[in-house]
Amino acid sequence: MSRIDRRFNVPVNAILAVALFNVLFGLLYLGPAVAFNAYISSCTIFLNCSYAGPIIILLVRGRDTIMLDRPDFPLGRVGGYILNYVSVIYVIVTSAVNEILLYRLRSWLMRC
């Protein structure tokens, strides 16, 4: 899938796979509203997890294993860890609040 096409100089197989994936999930919009809302909600959660994932790995493994050069904006050992913990907590809280608010909004719209 990651092979570069010589004629177009792009990964044609990967582009076609992504296009097919988008078309299939675009068909959810034509189906029941519950399926489309579940898809949109899961996309939001997965996007937030993609932000928190590398930070969690950094907190678990430590900074010394991945930092080879001095960073451009050093925060020190304590400041960097505090900011990483705050970032992970922020992602978790905003994901939960977002899902609760969307659920209440959906239930309110269904009653109208």
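Look at region 1-59 and say how many of its residues are touching a Leu at 6+ places or on another chain (Cβ under 7 Å) and among the aromatic types (Phe, Trp, Tyr).
Of the residues in that region, 2 qualify.
I want to confirm something. Restricting to region 21-48 and keeping residues that are among the hydrophobic types (A, V, I, L, M, F, W, C) and touching a residue at least 12 places away in the same chain (Cβ under 8 Å), which single residue is nearest to Tyr103 (Cα to Cα)?
Ile45
If you check every pair at least six apart or on different chains, which have Cβ atoms under 6 Å apart with a residue in region 79-93 that is modelled with pLDDT of 90 or more first and a residue that is part of a helix (DSSP H, G or I) and hydroxyl-bearing (Ser, Thr, Tyr) second?
Note: pairs meeting the criteria are Val91/Tyr51.
The values are calculated or read from the model by the stated rules, or taken from the named source; none is laboratory data. Values in this document were obtained by computation on a predicted structure and should not be read as measured data. Using ideal geometry, Cβ is built from the backbone for each residue, glycine included, and neighbour counts are taken over all protein chains shown.
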